[in-house]
Each structure stands twice: as structure tokens, then as C-alpha cells.
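Heads up: the structure comes next, in C-alpha cells.
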Amino acid sequence: DVKVTQSSRYLVKRTGEKVFLECVQDMDHENMFWYRQDPGLGLRLIYFSYDVKMKEKGDIPEGYSVSREKKERFSLILESASTNQTSMYLCASSPHWGQGLEQYFGPGTRLTVT
Amino acid sequence: SQKIEQNSEALNIQEGKTATLTCNYTNYSPAYLQWYRQDPGRGPVFLLLIRENEKEKRKERLKVTFDTTLKQSLFHITASQPADSATYLCALVAGGGADGLTFGKGTHLIIQP
């Protein structure tokens, strides 16, 4: 079974802190994604990566950056956390295009910024 | 603008009946449409994918239809069970490549015993 793990289930940070959310997948997938999920707004794509050291902006990249130094690991960085970044963050991975586009999600990190 | 619409109100179905969920989209020409299940506090789990040239797809008690003329997908669960209670999300892939999915907001399905 594909496994996507995220470093924390719950995280509480203060405004202005730099926050790192880590995601690791064990199925050698090329593509990795970061979403946030908010009540009434659904899942929204922040960034994605289709290869090591490659990154593409999603629908809401402002205030975030990402890093993909190794194929299995995709990190989301909040440079200076703000209260409006309080949310559920979900990481996902998928095989290379042409092999199926279903995405495999991690359990999520519920981040609270105070 | 592009939009994906799912019934935002909860859907209550009696156990044993067929549950039908709707996903409508505008201003997309999706190559694929996917359905996911999400339980509270967990990440979505992939259920089914249907391509633009497919009318229908089945997996056990699940059936998905895709009408590109109506710009609509229907998701059916036959012989529904209380364990099927969850939020169901539809998601579109507009074309090839590694673009992330665009999700609908989901429909909360409640199967009552």
C-alpha cells in the first residue's frame, strides 16, 4: 500500500514563526502536492512538484514556499506564520502522468497559528 | 470562471437504498474526473477515476457516470450501509501533466440504519 506520512498531526505556532511541514511518500511517486482544507472552502492547491528540485504554484501560493530535495520528501514552509494560515494541511502524491492520476493523501496536519 | 459544484447540504439516505451524489462543473473540459471519500480528521481516499471517453465505471457497490455534454458526474452507492457515511469529493483533472486536482467542496452523506 502507498503510504504518505506527515510529520505532525497537530501543530501550534505563534504569529511570525517560521513553520516547516514535512511529507514523505514511500512509493517512488514523481508528483507531490500540498493542499489546505478549510470549512466552506474545500481543498485548495498550494504548490506541487513533478520532480526533484522542481516546483509549481497552485491556486493559493502566497505566504508559502516549498522544497523538494529528494524524491520522497516534499516540505511546505510558512516563512512567517499568520493567523489566516490556521488550517488543515494535506500532502498527496501520485505516479507519473500516464500511470494514473489518482492521488494518495497523508493524514493531514492541523496547524493553529496564535 | 471555473466552478465545481456539489450539493453542500447533507444527504440522508436509508440503509439499503441507493445513494446518488452529483458533481456539476462549468468552464472546464476535464480529461478525467475522480471521486474521493473523506472521513472526519483524515485525508481523502481515492475511490474511482473516469475518463472523458468513458460513460460509466463500476467498482463493487460504486458506480460513476460522466456526461461531458451535461458537464455532470453522478456517483452512486448501491445497497448503502451506515459505514458508507462520509464526505464525498469530486475532483477534476483538466488535462495532461502533473497539475494538481481541483476539488469540489464535497457532499456529506449520512446513511441511517
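Coordinate-derived values only; no laboratory data. Here the structure is a predicted model, which is why all the values come from computation and not from measurement. Here the Cβ is made from the backbone with ideal geometry for all residues, glycine too, and neighbour counts use every protein chain on show.
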Return the distance in nm (one decimal) between the two label points of a simple spin-label model at residue B:72 and residue B:51, each offset 7 Å from Cα along Cα→Cβ.
2.5 nm
From the cross-link list A:3/A:71; A:18/B:105; A:71/B:3; B:71/B:105; B:17/B:57; A:55/B:59, which pairs have alpha carbons spaced over 23 Å apart?
A:18/B:105; A:71/B:3; A:55/B:59
Please compute, for peptide A:101-109, the average count of beta-carbon atoms on other protein chains lying within 10 Å of each residue's beta-carbon.
6
Row for chain B, column shape: gyration tensor on C-alpha, a ≥ b ≥ c, rounded if a/c < 1.5 i.e. under 1.5, prolate if a/b over b/c, else oblate; value prolate
If you average the sequence gap of Cα pairs under 8 Å that are 6 or more apart and divide by the length of chain B, what percent do you get for the contact order?
36 percent
Between the modelled labels at residue B:20 and residue A:67 (7 Å from Cα along Cα→Cβ) the distance in nm is 5.2 nm
Quick one: Kirkwood hydrodynamic radius for the protein assembly as shown, alpha-carbon pairs, angstrom, one decimal?
18.1 Å
Rounded to the nearest 20 debye, dipole of the protein assembly as shown from Cβ charges on Lys, Arg, Asp, Glu
220 debye
Percentage of interatomic Cα-Cα distances in segment B:28-94 larger than 21 Å
24 percent
Cα centroids of segment B:11-55 and segment A:12-89: how far apart, whole angstrom?
24 Å
Report Rg(Cα)/(2.2 N^0.38 Å) for segment A:7-90, keeping two decimals.
1.06
Just tell me the longest site-free run in chain A, where the sites are trypsin sites (Lys or Arg not before Pro) in a DSSP loop having at most 11 other beta-carbon atoms within 10 Å.
A:54-114
7 Å from Cα along Cα→Cβ at both residue B:59 and residue B:79: what's the point-to-point distance in nm?
1.8 nm
Loop-located GluC sites (Glu not before Pro) in segment A:45-78 whose Cβ has at most 14 other Cβ within 10 Å (DSSP)
A:62
Across the residues of B:43-49, average count of Cβ atoms on other protein chains within 10 Å?
6
To the nearest 0.05, the calculated FRET efficiency linking residue A:10 and residue A:53 through their beta-carbon distance, R0 being 35 Å, is 0.70
